[in-house]
Structure formats: structure tokens, C-alpha cells
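A short reminder: the numbers here are calculations on the coordinates, not readings from a lab. Everything quoted here is computed from the prediction, not taken from an experiment. Glycine also receives a Cβ, built like all others from the backbone with ideal geometry; neighbour counts cover every protein chain displayed.
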Amino acid sequence: MIKIKIDGKTLEVKPKTSIIEVADKVGIDIPRFCYHKKLSVAANCRMCLVEVKNFAKPLPACATQVMEGMEISTKSKFTKDTQKSVMEFLLINHPLDCPICDQGGECDLQDTAVAYGASKTRYTEEKRVVFDKNIGPLISTDLTRCIQCTRCVRFLKEVGGMAELGLIGRGEHAEISAYVDKSVESELSGNIIDLCPVGALTSKPFRYSARSWELARRSTIACHDSLGSNIEAHVKDNVVKRVIPKENESINECWISDRDRFSYEGLNHKDRINLPLKREKNQWKEIDWEEAYELIEKNITDIDIKKSNKIGIICSPQSTLEEGFLLKKIAKELNTSHIDYRLLEKSFSENNNWLGCKIDEIESHDAILVVGSNLKHDQPLLAHRFRRYANKKKNFSIITSYDDFHSTHCLEKIIVNPSAYINYLLMILKQVQLSTKYKINSQEIKNALKIVKPSNEAKKITQNLLSSKSRAIFLGHQILHLDDGDNIKLIAMHIAQAIEATFGLIPGYANSVGLNELNLNSDNISTDKILSQKKEAHIMMNFDPSYDYHSPKKINAALKNAKFNLAISPYISDSFKGFDVVLPMTPFTETSGTYINMEKRIQSFSAVTPPFGQSRPGWKILRVLANFLQLEGFLYDSSEEVKADAMIELDKKNEDNLKVFKPSKIRSGLEILNIIKANDSDMIVRRAASLHKNKDQSCCLINPTTMLKEGLIDGQKIRISSSEAEVLINVKADENVCLDAVAIFGKKDETAFLGMDNKVKIKKA
């Protein structure tokens, strides 16, 4: 520790700390524009100049590190005059358009100008004008306002992962520009709106829709991935107008992903249901709630529930803890154990389905291996933590099928077919066994190890893991979508156990961990099994059957064979034609509930707006439905009461049920890679229009080497067929795709009905 003086106060601070960091810590305000605590120091706005004793010139507080005995003055006449001069310089070219600027009322430049600006300008020359750039559908540019703080440039390079903006020109001609006039495509791009201190970058969907002082600010939790980002919904006239991050250093820091920021556009989509719907002569007819409940009661009570499992219940992994608990309770009363939430999974081991450590502990490891995750799309904000770790410690390895982790230093990056994941993990396990004498009891695994020969890449990864003090192995949730998922998980756990590493799964959805902890599926009956067995009735909640389940063909067949099908959903679409009744439930902004995120953190939230029309929160729908069915134990008046009972149920979680290792089948032919883009993950984001204007993805991606092998030409149309369906689609060469595979963008209109088979056939159109 060293001693310094700041504004007459003597402080003990750490060496190599900047003056501005010290000032912020003790509550001394120093004006700034370019400095941000999460970004590298640029020191180009000069607004933070302060007086330091024995220095002839003022020093930038952001770029000056404290030294022993340093005396700093942030309030002296010299400091104030310097800052006022800088302010005058910054305002020379800035347009006087505060009345029409979306940043008005929350503008750093506006606030600082009041404190440090002159009442009139001395500048009489012509002001410069900068032409606006089209950098995509999410961010609006007014670059004449720009003061070249470069926050946006540094963010996209350091946090977003790609240098998509840059500062071109010099002096009077300097301006921010995208490279080759391209759109900004980072999954975190919206954060530059918050970072911009002057209104040069504003939200395009929000533009001119409200003034900042007209908005009510209400805290909630993002529901589009398992990170559980803390957000603030800004509401006017009971409508969400925009969403911004709420700082939580241990979860989302001060950022949010674009899907969390702009998904509000989907909340009031034309597909929203206002009233319960009944199918009548292949047409939907609006009915009141009482009629809907009476119709459901009649059809459910006609079922002989003395015979078990006559009713199948399936819900989304985005369902709240309260909704999951009530569904489980209803299932028990209706004598069915056929209830599940795992819509895309083909592997069903229930243990270790969380991150295995705190989110902010990821970067504390000395070596990390990630297997089977498209981090950028699966978890955009978590990807930032891994990217920052990789570039800092350079001990990051990844085994994946699609390389979307550019500009990141990887010790080893292995791009292979999903079917090859298990082989590479067996190589690593064998190398670990040779180095540690780790004993394996399973004869099946011993047999599998006999026939593998560790590659150089596997040896390097193993050596890196073994030579590090703390290490971690993380599996992407896509692993669970593979036929080999249980095998991959088992071998990865053996490796982690042998080297005493942290082991975890990166869950895909908001409450995957919560519903698992709730032990929603106590008998571990898969959704596939539920749908394969003929049912008298189905109850399905909060998902689109054609887009959110891995086999649309199977789910449609199951609905057709049942006598009665009930859907509880915020939206209606052609996918719901197999249902008899649809009840309108509210999305996360219009209900209260609880999610358990990937690190097992319990986070509750409240509604930020009233329900749309006559839609109702999911937990209320289930509570009233149970009352109509005359089921006992559903006298709840609030979601808090439901949560209290659900928390008791969490303690009853069953332990490990991991299946034994089964030799993998030898595969031939092309494999399908189902890349689910961040903006296609669920019903809400798929309906957020601005998130889908950026780039046409109605094509499949194939490695150029594979295209040559198959006799294909870039841009031609091909037919892709799976066991589910056949689609006609353009092919595009992409060297980031592994060999002998076809990458498609899943959950899109063009590809949804292909399902998620691991094997496909292709032929020229």
C-alpha cells in the first residue's frame, strides 16, 4: 500500500491504481467521457484532467497511476479551468439538438455541460457534419454528435469479441465507422447504446417512442438463457418501451445480450392471445375463461385416472419454479408420472446439470476445457467471460463443431463432428490415466480406452490440465441433444474426477436448473417416451411444438392420437392446430415467479406490466384449473405462497442416476449441426422483429472440403432430408463448419421441420 493525498484527504491505496479509480472509491466525482471501468483506458476525451503537485501540466485521471506521496487536486481553480476548456472544445461541433435527441434527460454530455460549460460559445466558424452510418437494425447513428470517446470501438473489440467499429481519419476529419460499411452483428451490440455518452448511438426500435423521464423503471430477470441477467424494464402506459441492464457484478456485470435488450418487441406481437380459444370445425373460436375451464374439466374428468399415465404433461424449461411445482402437483393428483421439461434432449442423466461453480469464479481457474458449445449463440454474456479468460490466461481449449469463437486465443481449438466428441474425450481420459494411475471400474470404458490412441491435441490439452493448479471442464447443453450425450457426460466426469477439476454443464434455458432441482421428472421419463405412448390427453405449457421440440413429426402424431389436447401459451400459430383448447398465459414481464440460474442462484421477480387483455399468469391458470378439477391442496392466493411450498420440494431432489457407458455406434455419412442462433431460442425472441432484420440465414453451411467431396457449388440449391422432413435450401461455403457435416440454423421457418436428427442426406435440387 502507498500513501497519497487527494483533495486534502490522506489515503492508503494499492499501487498501480489510477487516480480516477481512487476518486470513485472515496466518492469524489471526476467528470469523464471516454473512461469506463470495464474497458481499456483510451484517455482521448481529456475531460478528467486534474492538477497534480509538481507537474506543470494537468494529468488525465484515467491514465495516471498513483505514486507514493502524490498530491492530487480535483477541485482547484486550475483543474476547473482546465476541465471547462476541454468542455468548450468538445462542444464546438456538437449540434444543439437536445430537444429531439433520445439521449435527452440521461445524457452525460448534457449533464457535464451544465456543470462545466459556458453560457455561450466563442466559436464562429462552420461546424463539421458527419454523415450517419447504417450499422444494422438495432442501433441508430447520429455521428455529428460523436465526441470520439471510442467506448463503442473498445467495447466491440474487448467484450463483443470482434472489432466491428473503428476510428478513421485524423483531427477534424476523425469519425467512427463500420468496416466496409457492414452491420454490427455482435450478440452484445446493444450495450454500445448505454455506453455512448452523447446520443450518437441510440436504440433504433425505441427511437422517438418516449422520453426518458416519462418511463417507469422496474427491475426483473431476463428469461432467455440460464445466466439470469438482471434487467430494468422501462414502462410507459403499461407497455414495455425498452430494456436496459441492471448491474450485478457476479452475474451479468453491467451488460446484457441483444436478445435480452430487444426481445420486448415480441411481447405485444400480433400472435398474442387475448382470450381462451376453442377449436371448432378447424377454426379458432374465442370463449370466456369459465367456458374454457368447464370444457377442460369435462374432458379430463372423463379419463379413468385409476389407470396411471393416461395424461402426458410437458412444459418449457423457461417455466418458472412456481409453474413447474404446480404442474408436478397436478400430475401427481391425476396419477401420472409422465411429466417432463427437456424438449430438445436425447440424453437424460439428471446429475451435475449446473455450472459446477459460481459464474464469477470461471476466470479464477488456471486451465479450462469446453466441449460441445457454440458459446457465442448459446450464452452470449458467458462467452464474454470465457473470451476474456482465454485472452488473459491463454489456457483455454475448446472442442466444438462450429468455430464461432474468433479473435480468441485458444491453446487448442478442435473442430470435429459431434459424433467425434466422445473419441476425443476418451483420448484425454486415456492420457490422464497414463499420467495419474486413475482407476476405472467400468469394463465398458476400459474396452473403449483400449482402442483409442491419444492425438497430439489431446496430449497437449491433458498436459495443460494436469500442469495447472485449478482446472475446469464445462460441457455445452448441446451435448444433451446428442445420442451420445450420456457417454460424453460420463467420460468428462471421469476426467474431472481424475484430475480434481471443477465439472459443470452450461444449461441452455432460464429455469433448466430450477426444474431439475425441483425434481419435476422424478421417474426420469423422457418427453420422447411420453409422446411415444398413446395418451388420452396432453397438457403442454409455454412452448411452440413445431419449433421448440426436437421432433415436430412425433409431437404432431401424439397430439393427433389423443382425445383431448390443452395448450397454455402466450401465442397462437399454425403449430397449435393439433390442440383443442388454448389458454392465454402471460410472458415473464406480466407475471411474478422464480428462476434458478446456472450457478443455482434463486432469483424471484415481479410483473412489470399488467396482463395483456384477459391473459393470466401461468401459476394462476394452473391453480384455477386444479380447483375446477377438484384437486386437493391448491388453495394459493399468491405466487409467494406457491414458491414457499416449491422451496420445500427442492430439498427432496434425487441424487445421481447417470447411466452406464454404452459403446457408440459407428456413423457414416453427413451429420447435421443444428445451430440455434441467440435470437431464435424461444417464442418471445423469435417474434422480436428487429432482431431478425440483420442477416438472411435461409441457407445451410458446409465446409468447402466437404462441398468439393459432395460435388456441390457455393450458392446452389440442395435438398436436405431427415427422418422428419425434406427442405429445399441454398448452400453456402463456410470453413468454420467441421468436415462431413451440414450446419443449419434451427428453429427457423425454413428448417424447423427437419427436427434434430443427427444424420441427414443431401442431394442437388
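Report the Stokes-Einstein translational diffusion coefficient (µm² s⁻¹, integer) for region 543-605, Rh taken as the Kirkwood radius over Cα pairs, at 4 °C with viscosity 1.567 mPa s. Write down the numbers at each step before the final one.
Working: Rh = 13.7 Å.
Estimated via Stokes-Einstein, D reaches 95 µm²/s.
On the principal axes of its Cα set, how long, how wide and how thick is region 1-151? Give whole Å, largest value first.
Reported extents, whole Å, longest axis first: 49, 36, 25.
Each label point is 7 Å from the Cα along the Cα-to-Cβ direction; what then is the distance between the points at Ala115 and Ala765, in nm?
Inter-label distance under the simple model: 6.0 nm.
What net charge do the residues around Tyr636 carry, taking every other residue with its C-beta under 15 Å from that of Tyr636, with Lys and Arg at +1 and Asp and Glu at -1? Please list the in-between numbers first.
Details: positive: Lys328, Lys329, Arg616, Lys620, Arg623, Lys643; negative: Glu322, Glu323, Glu333, Glu632, Asp637, Glu640, Glu641, Asp645, Glu649.
Net of charged neighbours comes to -3.
Rg(Cα) of region 359-506 divided by 2.2 N^0.38 Å?
On the way: Rg = 14.2 Å, N = 148, 2.2 N^0.38 = 14.7 Å.
Taking the Cα Rg and dividing by 2.2 N^0.38 Å, one obtains 0.97.
Enumerate the whole-percent occupancy of each 10 Å bin, from 0 to the last occupied one, for all C-alpha pair distances of region 368-428.
Spelled out per bin, shortest first, that is 24, 56, 21, 0.
Can you give the FRET efficiency to the nearest 0.05 for Lys469 and Met647, using r as the Cβ-Cβ distance and R₀ = 30 Å? Walk me through the intermediate numbers first.
Numbers: r = 36 Å, r/R0 = 1.22.
The value I calculate is 0.25.
How large is the direction-averaged shadow of the alpha-carbon convex hull of the chain, in nm²?
36.9
Given the options Gln283, Tyr264, Cys223, identify the residue whose Cα lies farthest towards the positive end of the charge dipole of region 194-312 (+1 on Cβ of Lys, Arg; -1 on Cβ of Asp, Glu).
So the residue we want is Gln283.
Quick one: plug the Kirkwood hydrodynamic radius of region 460-567 (C-alpha pairs) into Stokes-Einstein at 4 °C, 1.567 mPa s, and report D in µm²/s.
Values: Rh = 16.8 Å.
For these conditions, the coefficient is 77 µm²/s.
Report, please, the projected area of region 671-764 averaged over directions, based on the convex hull of its C-alpha atoms, in nm².
5.7
Restricting the count to DSSP beta bridges whose residues both fall in the chain, what percent are antiparallel, rounded to a multiple of 5? Kindly include the intermediate steps, with their values, before the conclusion.
Details: 54 of 100 bridges.
Roughly 55 percent of the beta bridges in the chain run antiparallel, per DSSP.
In µm²/s, what is D for region 215-268 at 20 °C and 1.002 mPa s, where D = kT/(6 pi eta Rh) by Stokes-Einstein and Rh is the Kirkwood radius from Cα pairs?
Values: Rh = 11.2 Å.
In µm²/s, the coefficient rounds to 192.
Dipole size in debye (nearest 20) for the chain around its Cα centre, Lys and Arg Cβ +1, Asp and Glu Cβ -1? Can you show the working numbers first?
Details: 108 positive and 100 negative charges, 374 e Å.
Dipole magnitude for the chain comes out near 1800 debye.
Would you compute, from DSSP H runs of 4+ residues alone, the mean residue ellipticity of the chain at 222 nm, taking -39500 (n - 2.57) per run and dividing by the full residue count, rounded to the nearest 500?
Values: 20 runs with 195 residues, N = 765.
Dividing the helical sum by the residues of the chain leaves -7500 deg cm²/dmol.
Once you charge only the Cβ atoms, +1 for Lys and Arg and -1 for Asp and Glu, what is the size of the charge dipole of region 35-104 about its Cα centre, to the nearest 20 debye?
Working: 9 positive and 7 negative charges, 37 e Å.
With Lys and Arg at +1 and Asp and Glu at -1, about 180 debye.
Can you quote the Å³ per residue value for the convex hull of the Cα atoms in region 275-320, rounded to an integer?
Details: hull volume 6.5 nm³, N = 46.
Residue-normalised Cα hull volume stands at 141 Å³.
Please list the non-local residues whose amide H lies under 5 Å from the amide H of Ser140, H modeled 1.01 Å from N, same-chain partners needing a gap of 5 or more.
The list, which skips near neighbours in sequence, is Thr202, Ser203, Lys204.
Quantify how much of the Cα-Cα distance distribution of region 125-266 extends past 28 Å, in percent. Each step should come with its number before you reach the end.
Values: 2094 of 10011 pairs.
Looking at region 125-266, the distances longer than 28 Å represent 21 percent of pairs.
Kindly state, to the nearest 0.05, the FRET efficiency for Asn238 paired with Gln630, given R0 = 51 Å and r defined as their beta-carbon distance.
On the way: r = 35 Å, r/R0 = 0.69.
Efficiency at R0 = 51 Å is approximately 0.90.
Starting at the first residue of region 122-136, write each ³J(HN,Hα) from the Karplus equation 6.51 cos²θ - 1.76 cosθ + 1.60 with θ = phi - 60°, in whole Hz, x for Gly and Pro.
Once θ is set to phi - 60°, the couplings for region 122-136 become 9, 7, 10, 6, 5, 7, 7, 10, 10, 5, 6, 10, 8, 10, x Hz.
Compare the peptides 254-266, 100-112, 614-626 by average per-residue count of other Cβ atoms within 10 angstrom and give them in order, highest first. Don't jump to the answer; show the numbers that get you there.
Values: 254-266: 24.9, 100-112: 17.7, 614-626: 22.2.
Averaged packing, sorted descending, gives the order 254-266, 614-626, 100-112.
Once label points are set 7 Å from the Cα along Cα→Cβ at both Ser435 and Glu280, what is their separation, rounded to one decimal in nm?
So the two model labels end up 7.0 nm from each other.
Pop the C-beta distance of Glu297 and Asp574 into the FRET formula with R0 = 22 Å and round what comes out to the nearest 0.05. Walk me through the numbers before you get to the answer.
Working: r = 28 Å, r/R0 = 1.25.
Efficiency, rounded to the nearest 0.05: 0.20.
Which percent of Cα pairs goes in each bin when the distances of region 2-91 are cut into 5 angstrom slices starting at zero?
Going out from 0 Å in 5 Å bins, region 2-91 shows 3, 15, 28, 26, 18, 8, 2, 0 percent.
Between Glu363 and Ser532, what is 0.36 nm times their sequence separation minus the Cα-Cα distance? Round to one decimal in nm. Let's see the in-between values first.
Details: separation 169, 0.36 × 169 = 60.84 nm, distance 4.34 nm.
Result for the pair: 56.5 nm of gain on full extension.
Given the Cα-Cα distance of Cys410 and Asp523 and 0.36 nm per residue of separation, how much length would full extension add, in nm? Write out the running numbers ahead of the final one.
Numbers: separation 113, 0.36 × 113 = 40.68 nm, distance 4.08 nm.
Extra length from Cys410 to Asp523 when fully extended: 36.6 nm.
May I ask for the Kirkwood hydrodynamic radius of region 270-419, worked out over all distinct Cα pairs and given in angstroms to one decimal? Each step should come with its number before you reach the end.
Details: mean 1/r = 0.0498 Å⁻¹.
It is 20.1 Å.
Along each of the three principal axes of the Cα atoms of region 421-509, give the extent in whole Å, ordering the values from largest to smallest.
Principal-axis extents of the Cα atoms in region 421-509, largest first: 37, 31, 25 Å.
Rounded to whole Hz and in sequence order, give me ³J(HN,Hα) for region 483-493 from the Karplus expression 6.51 cos²θ - 1.76 cosθ + 1.60, θ = phi - 60°, writing x for Gly and Pro.
Along region 483-493, the couplings run 4, 8, x, 5, 4, 4, 5, 5, 5, 4, 5 Hz.
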